[in-house]
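S.K.: First the structure, which I've put down as structure tokens, then a few questions once you've had a look.
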Amino acid sequence: MTDTALPDENTSRTANGTGRRVPYRVFTDPEYHAREQEKIFQGEAWSFVALEAEVPEAGDFKSTFIGETPVIVTRAADGAVHVVVNRCAHRGALVCRELRGNRPNLECVYHQWAYDLAGNLIGVPFRRGLKGQGGMPGDFDMKQHGLKQLRVGIVGGLVFASFSQSVVPLNDFLGPLVVEHIKRIMHKPIKVLGDQRQYVHGNWKLYAENTRDPYHASLLHLFHNTFGLYRSTQTGKSLMDSEKRHSLLYSIAASNDDAADKQAYGDSRTSIPSSSFRNVVVQGPQEFDDGITLVILAVFPNLVLQQIQNTLAVRQIVPKGQEAFELVWTHFGYADDDAEMQAIRRKQTNLIGPAGLISMEDGEAVEIVQNAIVGEQQATSFIAMGGGRAEDADHLVTEGAIVGFWDSYEKLVGFGTAR
């Protein structure tokens, strides 16, 4: 990143204030990536790390990441959930190399330094030496050499962690809108069905844009449109929290309007297949009394909580350098699902994930943008659908939530100048 501000024509907003311009270099410049790790992932933010249901028993652990920092989520004997940095206090080795499991403590394979499930150092081989020789210095204090322990917050069974001791409480960071809709989906105990992992060759922020973008959903995702699961003509909204960093997109499939569809899409996309054919692919009951059949709740910086028909999942975004990220989908149902509902949920998982009937296009869309902007230092995007401002909308033809994301990003990281 240079110390030179963007040229006048490439400022963050257009001259008349009706659009948002984002410099493409924020997706490719390693300086931006480094600053994001400091200002966002290790800064004044809460990052999603796990579902409580992934570590249900004492001794359970899950290894994951916050930004590019490896962390471990554990369930201690007293039932408390802890999050620690997965880096031995001795020589920096990964302490936990498995994705998940159960064990009474954490032990580094390199020199077998051992930690309890809260990250406290409990064992150092040969600490007092052997036969009066060697050992750690006399003033070595075990209490000063544990794993780095992060702040932990839990809402609706979703576990978040933060490096910051001054970050606002989790509920305040999320805001009432996000908390309400987390609790809407997580309204009773859940059962984890499994994970899918997708490695995408594009910047993580392109996916953050994608999940805040109802504009593309019925255009890129032809399955959505063909089966009437989502069309921009449906009743729906695009909403944000008060800080504009999180977004909620939802639609009601029962509000399909054939006349409006024909006007918007033409004859080729207006005919929804017969109910018998649709049931073969997306059969399932209406689970929520509000009639909402699609929810995409994008929580800054790294979480998407979704309901698409009867599929329920969290998506965790894990940056891998400035030009790649891993997307981890964790599917779940409710603990009281009967066999029929379990089968429906498993069937509908075909809608999402790396090869999903809906979601596979998103990874490709991210990559074709990344491939086109590599090396670009001056050009910008132009985000203006719906007015180009970070404003809520009671319709689905808007990019307002994307503008909100970039407004929040600019406050934390900045566009024009380096530190």
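The values are calculated or read from the model by the stated rules, or taken from the named source; none is laboratory data. The structure displayed is predicted, hence computed values, not measured ones. FYI the Cβ positions are ideal-geometry reconstructions off the backbone, even for glycines, and counts take in every protein chain you see. We work out accessible area using only protein heavy atoms, side chains counted, and drop any ligands, DNA or RNA first. Shrake-Rupley method; radii C 1.70, N 1.55, O 1.52, S 1.80 Å.
S.K.: On the given criteria, is LEU229 in contact (Cβ under 8 Å) with a residue 60 or more places away in the chain, within 13 Å of ILE358 (Cα to Cα), surrounded by fewer than 18 Cβ atoms within 10 Å (Cβ to Cβ) and of a type outside the set (S, T, N, Q)? Quick ask: steps written out before the conclusion?
M.R.: On the way: in contact (Cβ under 8 Å) with a residue 60 or more places away in the chain: yes; within 13 Å of ILE358 (Cα to Cα): yes; surrounded by fewer than 18 Cβ atoms within 10 Å (Cβ to Cβ): no; of a type outside the set (S, T, N, Q): yes.
Considered against the rule, which asks whether it is in contact (Cβ under 8 Å) with a residue 60 or more places away in the chain, within 13 Å of ILE358 (Cα to Cα), surrounded by fewer than 18 Cβ atoms within 10 Å (Cβ to Cβ) and of a type outside the set (S, T, N, Q), LEU229 comes out as no.
S.K.: So LYS62 passes all but one of these: (1) closer than 30 Å to ASN371 by Cα; (2) outside any helix (DSSP H, G or I). Which condition number does it fail?
M.R.: (1) is the only condition that LYS62 fails.
S.K.: For region 92-122, enumerate the residues that are out of contact with any Pro (no Cβ under 9 Å at 6 or more places or on another chain), acidic (Asp, Glu) and closer than 19 Å to ALA77 by Cα.
M.R.: Listed by number, the list holds a single entry, GLU107.
S.K.: With the requirement that a residue be crowded, with 22+ Cβ neighbours inside 10 Å and not in a loop (DSSP other than H, G, I, E, B), what does region 65-81 give you?
M.R.: Residues satisfying the conditions are ILE66, VAL71, ILE72, VAL73, THR74, ARG75.
S.K.: Using the structure shown, decide if GLU287 is open to solvent by 10 Å² or more (accessible area, probe 1.4 Å), under 25 Å from the mean Cα position of the chain (by Cα), of a type in the set (Asp, Glu) and modelled with pLDDT of 95 or more. Can you show your working first?
M.R.: Working: open to solvent by 10 Å² or more (accessible area, probe 1.4 Å): yes; under 25 Å from the mean Cα position of the chain (by Cα): yes; of a type in the set (Asp, Glu): yes; modelled with pLDDT of 95 or more: no.
So GLU287 fails the test.
S.K.: If you go through region 354-375 one residue at a time, do you hit one that is out of contact with any strand residue (DSSP E or B) (no Cβ under 6 Å at 6 or more places or on another chain), at pLDDT below 90 and within 26 Å of TRP46 (Cβ to Cβ)?
M.R.: Step one: of region 354-375, the residues out of contact with any strand residue (DSSP E or B) (no Cβ under 6 Å at 6 or more places or on another chain) are 355-362, 364-365, 367-375.
Narrowing the set further to residues that are at pLDDT below 90 leaves 355-360, 375.
Pick out the ones that are also within 26 Å of TRP46 (Cβ to Cβ) and you get 359.
Yes.
S.K.: Pairs please, first residue from region 334-354 and in the same structural domain as LEU312 (by the TED database) and among the acidic types (Asp, Glu), second anywhere and crowded, with 17+ Cβ neighbours inside 10 Å and part of a helix (DSSP H, G or I), Cβ atoms under 8 Å, 6+ apart in sequence or on different chains.
M.R.: Qualifying pairs under 8 Å: ASP337/ARG345.
Residues are listed down the side, and each one gets a yes or a no for (1) in a loop (DSSP other than H, G, I, E, B); (2) closer than 30 Å to GLN286 by Cα; (3) open to solvent by less than 20 Å² (accessible area, probe 1.4 Å):
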residue: ILE317; (1), (2), (3): no, yes, yes
residue: ALA343; (1), (2), (3): no, yes, no
residue: LYS347; (1), (2), (3): no, yes, no
residue: PRO354; (1), (2), (3): yes, yes, no
residue: LEU357; (1), (2), (3): yes, yes, no
residue: GLN378; (1), (2), (3): yes, no, no
residue: ARG389; (1), (2), (3): yes, no, no
residue: ALA401; (1), (2), (3): no, yes, yes
residue: GLU410; (1), (2), (3): no, no, no
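S.K.: Can you name the residue in region 129-157 that is of a type in the set (Lys, Arg) and modelled with pLDDT of 95 or more and is also farthest from ALA80 (Cα to Cα) among such residues? Reasoning before the result, please.
M.R.: As a first pass, look at region 129-157 and keep what is of a type in the set (Lys, Arg): 131, 143, 148, 151.
From what is left, the residues that are modelled with pLDDT of 95 or more are 143, 148, 151.
Details: LYS143: 20, LYS148: 17, ARG151: 12 Å.
Among residues in region 129-157 that are of a type in the set (Lys, Arg) and modelled with pLDDT of 95 or more, the one farthest from ALA80 (Cα to Cα) is LYS143.
S.K.: Whether any residue in region 292-303 is farther than 17 Å from ILE352 by Cα and at pLDDT below 95 is what I want to check. Even if it seems obvious, please write down each step before you answer.
M.R.: First, the residues of region 292-303 that are farther than 17 Å from ILE352 by Cα: 292, 299-302.
Right, trim to at pLDDT below 95 and you get 292.
Within region 292-303, one or more residues are farther than 17 Å from ILE352 by Cα and at pLDDT below 95.
S.K.: If the requirement is being assigned by the TED database to the domain that holds GLN316, modelled with pLDDT of 95 or more and not in a loop (DSSP other than H, G, I, E, B), which of these qualifies: ALA260, ALA254, ALA208, ALA264?
M.R.: Details: ALA260 fails: modelled with pLDDT of 95 or more; ALA254 fails: modelled with pLDDT of 95 or more; ALA264 fails: modelled with pLDDT of 95 or more.
Result: ALA208 is the single residue among ALA260, ALA254, ALA208, ALA264 that is assigned by the TED database to the domain that holds GLN316, modelled with pLDDT of 95 or more and not in a loop (DSSP other than H, G, I, E, B).
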